[in-house]
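The values are calculated or read from the model by the stated rules, or taken from the named source; none is laboratory data. None of these values were measured; they are calculated from a predicted model. Heads up, the Cβs are rebuilt from the backbone with ideal geometry, glycines too, and the neighbour counts pull from every protein chain shown. Quick note on the areas: whole protein, heavy atoms, side chains included, nothing else; ligands and nucleic acids left out. Shrake-Rupley method; radii C 1.70, N 1.55, O 1.52, S 1.80 Å.
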Amino acid sequence: MDTSTMLAQGTMLRNNTYRVESPLASGGFGNTYKVRNVAFDEVYALKEFFMKGINLRTGNVVTVSVPDNHNSYESQKEKFRKEAQRLRRLENPHIVKVHDMFDENGTSYYVMDYIDGLSLSAILKQKPNGMSEDEVRAILPQVLDALKTVHEQKIWHLDIKPGNIMVDSKGHAYLIDFGASKQLRSDGGQTSSALCYTPGFAPMEQVEQDFDKFGPWTDFYALGATIYNLLTKKQPPSSAEILEGNPFQFPAGVSKQMQDLVKWMMMPQRTKRPQSVAEILARLNMAPKPGPTPKPGPTPNPGPTPPPPLPTAPPKPAGSAWKVIVPVLIVLLLGGAAAWYFLFNKGGKSAAEKDEEYMELVEKCEKAINAAADFDALSDAATLLSKVEKVEEENDSADGYDASDDLKDKFAQKKKKLKDECLEEADAAIDRNDYHEAYNVVKAAADALPDDSDLERQLQSLASDMGNVYVNYVTISNGKDNPNEISSMKSDDIRYLWPVMNYSSLQKSGASSASIELMCDFVKPDGTVDRSDNSPSHHTYRTSLTLEPGEAKEETLLGWGNENQSNFTSGEYRFDIYYQGNRIYTMPFIVK
């Protein structure tokens, strides 16, 4: 766990109400701490919003590293607060209770119950052959009870997996991390869009981002995949693999009833999956298992010695293996140096010099991978990785020249992290109804990862949401025959505004031509949407476009204004273009 960007032990928060006891976890979008309420001597978990690669910490204060990232940061912070509000409304013994939320240090925090235990993914690491069916059956009704409460509120969790289920020292299970969850509005729409999911645990409708098809069955698929992973320690099969045949491989001790349950929950067709918690419990002849008795007011969770069969010994830190591997690698390099010199040094640099250069290259490559904050930087790291592989090929008989495999794993992890961050950023842009920015974000990632089918699907989905039209730029001029830029004109000299739009088709080669209707808004400095009193269509006007696949065009749109006097005051205006309610371009411009 990287603690370099976390609050220090002893830090006081909320007007000296909470004291940071220790760090618990650090992820791409937040840090979690064990804290103590000083006045009542009670222990809680505190979650802090902190975007890796976007935020910096100076002392305790959180800032945005690049001003251009400010809007993305604020949007994601608002989602963080909604996550807390959503959790606060859920009353269930198997869902952690949120007790407090506040802003401080330039970011947001919320306080919740502290679970003295481990995630199922941590428990699974301690079991060479996976969990037993009895262990899974002890946890399953508790998770289902939590899902029943969640689904009754028309909320879908959308990220159920072993890492998001905690088990405390008494064997009580808790469903955690509602960061990906979405709530159904009263009109049937989603409160926001979700672009992120965990491969292997997401059904087809979630992978394809078909929001209208989300429902309880979406979470049941993920729960079925979770059960399969716990029983087998294998990556769950994809929907495509399931459609192709029978990809499930259960251990001999798993009952037919449990195998059939997993297959039922992971049916690719959502209508063939269970539709409610009650259906699953009926299939297993189970009743929801009681959770811990709730107490009035926030109290710390007790921590007696954990009973079997669930271990509570903390998992070894992810980096602990390197404490063994690195010294062994160094010993091997030093021990084989003499043999390397006599066998492979044929003039020129000595074997020791070559060893040193190789290790320096490996270290440089590792640092480049760890520091890569975008795909361009990762591309530079890939160049170094290729050099490492080349040196290893040239010295394939030499001991110790084998760092590339580990570097490849780290490279793959960083690539996935950047991809996930990219999709989160695109999700934030969609939440702001800014599809143009969302498309640009995903396009940059897709260009860097041309073989990534997930990104290609997201790109195609966004293109469809934009009407397969990409607005390259818009210029605003003073009069159709007078193309002076508005930014060079004084407000009292402007009678008419004429937008000139340059756009191109996003359709694939061979597709039919697109004939779409775009809606445009003109937003004044006071925030109102208007044109002039005598202008047709009042607030908006429309333009119909026809494009062949790959074609680009420039079009002068209908101007607006007043022939006798200026309708414009100095200030910042904005020109927005929409397709079916999705904002596919926005351009601010200043009138002097």
query = Are any of the residues in segment 226-246 surrounded by 21 or more Cβ atoms within 10 Å (Cβ to Cβ), in contact with a strand residue (DSSP E or B) (Cβ under 9 Å, 6 or more places away or on another chain) and either of a type in the set (Asp, Glu) or assigned to a loop (DSSP other than H, G, I, E, B) (or both)?
reply = no
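Tell me whether segment 89-109 contains one or more residues that are assigned to a helix (DSSP H, G or I) and among the acidic types (Asp, Glu).
For segment 89-109, residues assigned to a helix (DSSP H, G or I) and among the acidic types (Asp, Glu): absent.
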inquiry  = What pairs come out if I take residues in segment 548-560 that are touching a residue at least 60 places away in the same chain (Cβ under 8 Å) and pair them with residues that are assigned to a loop (DSSP other than H, G, I, E, B) and surrounded by 14 or more Cβ atoms within 10 Å (Cβ to Cβ) whose C-beta lies under 8 Å away, six or more apart or interchain?
reply    = Gly559/Gly479; Trp560/Arg531; Trp560/Ser532; Trp560/Ser535
message = Given (1) closer than 17 Å to Ile165 by Cα; (2) part of a helix (DSSP H, G or I); (3) open to solvent by less than 30 Å² (accessible area, probe 1.4 Å), identify the lone condition not met by Ser121.
response = (3)
message = Please verify whether Tyr33 is open to solvent by less than 10 Å² (accessible area, probe 1.4 Å) and either over 16 Å from Arg14 (Cβ atoms) or assigned to a loop (DSSP other than H, G, I, E, B) (or both), treating the condition exactly as stated.
response = no
task = Starting from residues that are among the small types (Gly, Ala, Ser) and part of a helix (DSSP H, G or I), keep the ones in segment 391-422 and report whichever is modelled with the lowest pLDDT.
result = Ser404
ask   = If you go through segment 147-193 one residue at a time, how many are at pLDDT 65 or above, among the acidic types (Asp, Glu) and over 17 Å from the mean Cα position of the chain (by Cα)?
value = 2
remark   = Reported set for segment 433-445 where residues are open to solvent by less than 30 Å² (accessible area, probe 1.4 Å) and assigned to a helix (DSSP H, G or I) is Tyr435, His436, Ala438, Tyr439, Val441, Val442, Ala445
task = Return the total of residues in segment 360-390 being out of contact with any Gly (no Cβ under 6 Å at 6 or more places or on another chain) and not in a helix (DSSP H, G or I).
result = 2
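Every residue in segment 41-54 that is open to solvent by 40 Å² or more (accessible area, probe 1.4 Å) and without any contact (Cβ under 8 Å) to a residue 40 or more places away in the chain, please.
As a first pass, look at segment 41-54 and keep what is open to solvent by 40 Å² or more (accessible area, probe 1.4 Å): 41, 53.
Scanning segment 41-54 gives a single hit, Asp41.
Mind checking whether some residue in segment 550-573 is of a type in the set (A, V, I, L, M, F, W, C), farther than 12 Å from Pro499 by Cα, modelled with pLDDT under 75 and open to solvent by 20 Å² or more (accessible area, probe 1.4 Å)? Working first, answer last.
First pass over segment 550-573, keeping only residues of a type in the set (A, V, I, L, M, F, W, C): 552, 557-558, 560, 568.
Next, from what is left, pick out any that are farther than 12 Å from Pro499 by Cα: 552, 568.
If we keep only those that are modelled with pLDDT under 75 too, we end up with none.
Checked against the condition, which is being of a type in the set (A, V, I, L, M, F, W, C), farther than 12 Å from Pro499 by Cα, modelled with pLDDT under 75 and open to solvent by 20 Å² or more (accessible area, probe 1.4 Å), segment 550-573 yields no hits at all.
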inquiry  = Let me confirm something: among Arg81, Arg57, which residue is closer than 12 Å to Leu7 by Cβ and open to solvent by 40 Å² or more (accessible area, probe 1.4 Å)?
reply    = Arg57
inquiry  = Which residue is most open to solvent (accessible area, probe 1.4 Å), if the candidates are limited to segment 446-477 and must be closer than 22 Å to Ala377 by Cα and of a type in the set (D, E, K, R)?
reply    = Asp451
task = Kindly list, by first and then second residue, each pair from a residue in segment 342-360 that is at pLDDT 80 or above to a residue that is of a type in the set (Ser, Thr, Tyr), limited to pairs with Cβ atoms under 9 Å and residues at least 6 apart or on different chains.
result = Asp355/Tyr401; Tyr358/Tyr401
task = Report whether or not Arg542 is among the basic types (Lys, Arg), in a strand (DSSP E or B) and at pLDDT below 75.
result = yes
Of all residues in segment 407-432 being surrounded by 19 or more Cβ atoms within 10 Å (Cβ to Cβ) and within 27 Å of Tyr358 (Cα to Cα), the one that is farthest from the chain's Cα centre (by Cα) = Leu407
